[in-house]
Amino acid sequence: MPEVDFTPCEQRGTCGPDVADVADAHDATTNDLVEATTPDGPDDARSEAGAADVLGDAGGASDAASDVAAAMDSAEVALDAAPDVVACEAGAALVDGGCATVNAPRLVAPLSTSTVSSQTPRLRWELAGATDGARIELCRERACATVVHRFEAAGATVVTPIALAPGVWFWRATGVRGGVVGSAYGPTWQFVVGHRSATVNTAWGSATDFNGDGYADLVVADRRTVLVYPGGPTWGRTPPTVIGLAAPSGSLDFVSSLRSGGDLNGDGYPELLVSISYISATSR
């Protein structure tokens, strides 16, 4: 076993500090700290002023933070008070905080199935509601599956900005309100463009295109019966539409005239006018 040295530490010089000495040193340090934080002279006053500056800066930062918080609260209140943004569907315009449908105009001229005198015909319509213009579409077939020309016009009339090729053209319109284009179209109308333009931009006549396919139809009569043969590529191979006519019983009647009356109801199709003359069987 290792040997144990029982020599007193004082003789060996290895004794640690006395407990009492440690307590005295702690008290002295505490007193020095208290004196250092007590303003007894100019230097101490400067120290106090510096501390006050630090506290002032801290207070200013606190006030600034309070201002920011107040501003954020005001912004939240403003957002809560702001009206909700209304998003309208296609074909509707935002009016007085709500959505209003942009209606289609009523076509006026050239009358459907008429022949125009210019390759840049003047188109006219009647505006609907609070609309301020129209979008015009020109097509080669009634369904307008393929739009050949499309343009917008302010007001209720426009001269077609493009020279149209000869033949049958179909046109339709939808309303415009404050730059918003409607999605609803009115009836599709048609007109015939000639090979040359006249000096006067007008329209005349009415084609006998009763089914609206762009081809003139043939109408014949046999006493009390009217036969309508549709024109087109299948001409002569398609059975006619038969229209029976009524007359007073016992009379001798016959069809005296047939003609297209133009588009009387604005649906884009012409009406067939039939005149019947009859004589009473008992008359002399």
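Tabulated data for the structure shown
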{"read-out": "At R0 = 30 Å, FRET efficiency that the Cβ-Cβ distance of ASP213 and CYS88 yields, to 0.05", "value": "0.25"}
{"read-out": "Derived scalar couplings ³J(HN,Hα) [the stretch 154-164; Karplus, 6.51 cos²θ - 1.76 cosθ + 1.60; whole Hz; x for Gly, Pro]", "value": "7, x, 10, 7, 7, 8, 3, x, 10, 5, 8"}
{"read-out": "Backbone N within the stretch 101-140 under 13 Å of label point (7 Å from ASN201 Cα along the Cβ vector)", "value": "110, 117-125"}
{"read-out": "Per-residue SASA entry for ARG135, accessible area with 1.4 Å probe, Å² rounded to 10", "value": "60 Å²"}
{"read-out": "Virtual spin-label span in nm between LEU273 and ARG124, 7 Å along Cα→Cβ", "value": "2.0 nm"}
{"read-out": "By accessible area with a 1.4 Å probe, ligands and nucleic acids excluded, highest first: order of VAL148, VAL181", "value": "VAL148, VAL181"}
{"read-out": "Cβ crowding within 10 Å averaged over residues, with 136-145, 99-108, 226-235 ranked highest first", "value": "99-108, 136-145, 226-235"}
{"read-out": "Charge tally in the Cβ shell below 12 Å around THR202, where Lys, Arg are +1 and Asp, Glu are -1, THR202 excluded", "value": "+2"}
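The values are calculated or read from the model by the stated rules, or taken from the named source; none is laboratory data. Quick caveat, the model's predicted, so the values are computed rather than measured. Cβ atoms come from the backbone with ideal geometry, glycine included; neighbour counts cover every protein chain shown. The accessibility values were calculated without ligands, DNA or RNA, using every heavy atom of the protein model including side chains. Shrake-Rupley method; radii C 1.70, N 1.55, O 1.52, S 1.80 Å.
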